[in-house]
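Okay, so here's the structure we're looking at.
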């Protein structure tokens, strides 16, 4: 199975995201377009566009970037509760048509100031039950006519969507990415996602989760193509391993000086985030070059653990994930514009070549 490589666009109005030193342009179409065009020019298929209340609306940004690019695939992070499924299915199908089949979708179920946009938080079972219905209904609206669905959380009657997403031999609709490490989240992924995204765990943890998700897919009688797997992680790539580790350790020293705290308590509730934070007890460096120290000093999500080394070192580490069955890679480092080019130019060619004997 072929591999897919995406970058990351932070989508924020505030400078300083994960140490990026760019001071001007955040929240502007010009800077976001520069990032998207850089991804396009340096070998990336597209980029994950971050989401969060109090930030630019992700779907609106993705629509603008699709209009200003030619091959760039926006991986749009969206939340059930912020969107109703039929409304989202229609908006997404329209953008997919206008961009000639370039849309990718990342479904996010974690907490995010839900009361501020009129949602209710609910407990974990409620949130993931709603997410599973959301995914199932969106899939049906994208592929079927006269859809009637009466679930616990959503309801439509005799609904036919127009236009439909672009359908080809390779895809019936935009690919649906999903993250989450709790048992409830994994059951949703096994039943309804196209790609389960992992954060940067060691190889043994990812192998364990892939095996469990494949078993779960059988247990829930999955009705779709086999679940695929992806990795979302920070990559610190330099000409030599010594240079990469020098720069990575300097970044962590700045994080310790400027923040000195772990991610906020709300973020730490997530099972996947806590798994990453717990890795530090096993050592600062795991596998060949997985750096856990950033999580001690405020690194969160994909910034909790980093792959550090020369392009050959990091490519070898990513090949090991690929050997486990990971075929989707969402990478990033800061400063975003500079690293879009550096990592794209030095790493992607190695990953697209056959692995050395």
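If you scan the range 267-291, which residues turn out to be in a loop (DSSP other than H, G, I, E, B), surrounded by fewer than 14 Cβ atoms within 10 Å (Cβ to Cβ) and at pLDDT below 85?
If the condition is that a residue be in a loop (DSSP other than H, G, I, E, B), surrounded by fewer than 14 Cβ atoms within 10 Å (Cβ to Cβ) and at pLDDT below 85, then 269 is the only one that fits.
Please count how many residues of the range 165-188 are buried (at least 19 other Cβ atoms within 10 Å of the Cβ) and closer than 21 Å to residue 74 by Cβ.
8
For the range 214-238, name all the residues that are assigned to a loop (DSSP other than H, G, I, E, B), touching a helix residue (DSSP H, G or I) at 6+ places or on another chain (Cβ under 8 Å) and more than 26 Å from residue 75 (Cα to Cα).
220
Which of the numbered conditions does residue 294 fail, given that it passes all the others? Conditions: (1) touching a strand residue (DSSP E or B) at 6+ places or on another chain (Cβ under 8 Å); (2) over 13 Å from residue 8 (Cβ atoms); (3) at pLDDT 95 or above.
Evaluating residue 294 over (1) touching a strand residue (DSSP E or B) at 6+ places or on another chain (Cβ under 8 Å); (2) over 13 Å from residue 8 (Cβ atoms); (3) at pLDDT 95 or above leaves (3) as the failure.
Give the residues of the range 81-104 that are out of contact with any strand residue (DSSP E or B) (no Cβ under 7 Å at 6 or more places or on another chain), within 19 Å of residue 147 (Cα to Cα) and buried (at least 22 other Cβ atoms within 10 Å of the Cβ), sorted by residue number.
Just the residues of the range 81-104 that are out of contact with any strand residue (DSSP E or B) (no Cβ under 7 Å at 6 or more places or on another chain), to begin with: 81-85, 87, 89-91, 93-101.
Those still in the list that are within 19 Å of residue 147 (Cα to Cα) too: 83-85, 87, 89-91, 93-94.
Listed by number, the residues that qualify are 85, 89, 93.
Which residues, counting only those in the range 7-20, are in a loop (DSSP other than H, G, I, E, B) and either closer than 12 Å to residue 338 by Cα or within 17 Å of the chain's Cα centre (by Cα) (or both)?
Across the range 7-20, the qualifying residues are 10, 11, 12, 20.
On the given criteria, is residue 138 surrounded by 17 or more Cβ atoms within 10 Å (Cβ to Cβ), touching a residue at least 24 places away in the same chain (Cβ under 8 Å), outside any helix (DSSP H, G or I) and over 18 Å from the mean Cα position of the chain (by Cα)? Steps first, please.
Values: surrounded by 17 or more Cβ atoms within 10 Å (Cβ to Cβ): yes; touching a residue at least 24 places away in the same chain (Cβ under 8 Å): yes; outside any helix (DSSP H, G or I): no; over 18 Å from the mean Cα position of the chain (by Cα): yes.
In short, no.
How many residues does the range 306-356 contain that are free of Cβ contacts under 8 Å to residues at least 24 places away in the same chain and over 20 Å from residue 255 (Cβ atoms)?
Counting residues in the range 306-356 that are free of Cβ contacts under 8 Å to residues at least 24 places away in the same chain and over 20 Å from residue 255 (Cβ atoms) gives 4.
Are any residues in the range 299-312 over 19 Å from the mean Cα position of the chain (by Cα) and buried (at least 19 other Cβ atoms within 10 Å of the Cβ), and if so, which ones? Please lay out each step first, then the result.
Quick first cut of the range 299-312, residues over 19 Å from the mean Cα position of the chain (by Cα) only: 308-312.
Within the range 299-312, 308, 309, 310, 311 meet the criteria.
Hey, among the residues in the range 193-227 that are under 20 Å from residue 332 (Cβ atoms), under 17 Å from the mean Cα position of the chain (by Cα) and touching a residue at least 60 places away in the same chain (Cβ under 8 Å), which one's surrounded by the most Cβ atoms within 10 Å (Cβ to Cβ)?
My answer is 200.
Can you tell me which of (1) over 25 Å from residue 283 (Cβ atoms); (2) more than 19 Å from the chain's Cα centre (by Cα) is the one residue 293 doesn't meet?
In the conditions (1) over 25 Å from residue 283 (Cβ atoms); (2) more than 19 Å from the chain's Cα centre (by Cα), residue 293 misses (1) alone.
For the range 313-328, give me the residue count where each residue is within 16 Å of residue 48 (Cβ to Cβ) and surrounded by 23 or more Cβ atoms within 10 Å (Cβ to Cβ).
Step one: list which residues in the range 313-328 are within 16 Å of residue 48 (Cβ to Cβ), which gives 326-328.
Restricting the remaining residues to those that are surrounded by 23 or more Cβ atoms within 10 Å (Cβ to Cβ) gives 326, 328.
Summing the residues that are within 16 Å of residue 48 (Cβ to Cβ) and surrounded by 23 or more Cβ atoms within 10 Å (Cβ to Cβ) in the range 313-328 gives 2.
Among (1) assigned to a helix (DSSP H, G or I); (2) at pLDDT below 95, where does residue 169 come up short?
(1)
Could you give every pair whose Cβ atoms fall below 8 Å, whose first residue belongs to the range 251-276 and is within 21 Å of residue 124 (Cβ to Cβ), and whose second residue is at pLDDT below 50 and part of a loop (DSSP other than H, G, I, E, B), counting only separations of at least 6 or pairs across chains?
Final answer for the pair search is 268/262; 273/263.
The values are calculated or read from the model by the stated rules, or taken from the named source; none is laboratory data. The model shown is predicted, which means the values in this text are computed figures rather than measured ones. Please note: Cβ atoms are built from the backbone with ideal geometry, for glycine as well, and neighbour counts cover all protein chains shown.
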